[in-house]
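Please read the structure below before turning to the comments.
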Amino acid sequence: MLSPDDIDRIIEMAWEDRTPFDAITAQFGLSEQEVIELMRREMKPSSWRMWRARVQGRATKHAARSGVDDHAFKANRQRQISHNGITKRR
């Protein structure tokens, strides 16, 4: 069962263009389809349609098709949220 904070973070990660679904799966154990279902359930219908239109076919949301490095998709708050001890590379 996901906490309200987890749900908020998943939605935030899903809205970020450079955060692949693989990152959400790694952190929360949700598949792409489960993220889509969560977004549909938690968002207003118009917001969900807007998000779905943006994400559909977007290469950056799929790590295998993206040219983005693994560390580039992390939000500024990611270390704070996940308590990751690895410092941000510059």
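The values are calculated or read from the model by the stated rules, or taken from the named source; none is laboratory data. Everything numeric here is computed off the predicted structure, so don't read it as measured data. FYI the Cβ positions are ideal-geometry reconstructions off the backbone, even for glycines, and counts take in every protein chain you see.
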### Message
Being buried (at least 16 other Cβ atoms within 10 Å of the Cβ) and without any contact (Cβ under 8 Å) to a residue 24 or more places away in the chain is the filter here; which residues of segment 1-31 pass it?
### Response
ILE24, LEU30
### Query
Can you pull out the residues in segment 1-36 that are of a type in the set (S, T, N, Q), within 14 Å of LYS61 (Cβ to Cβ) and in a helix (DSSP H, G or I)?
THR25, GLN33
### Residue selected from segment 43-61 under the condition closer than 18 Å to THR19 by Cα and outside any helix (DSSP H, G or I), by the criterion modelled with the highest pLDDT
GLN56
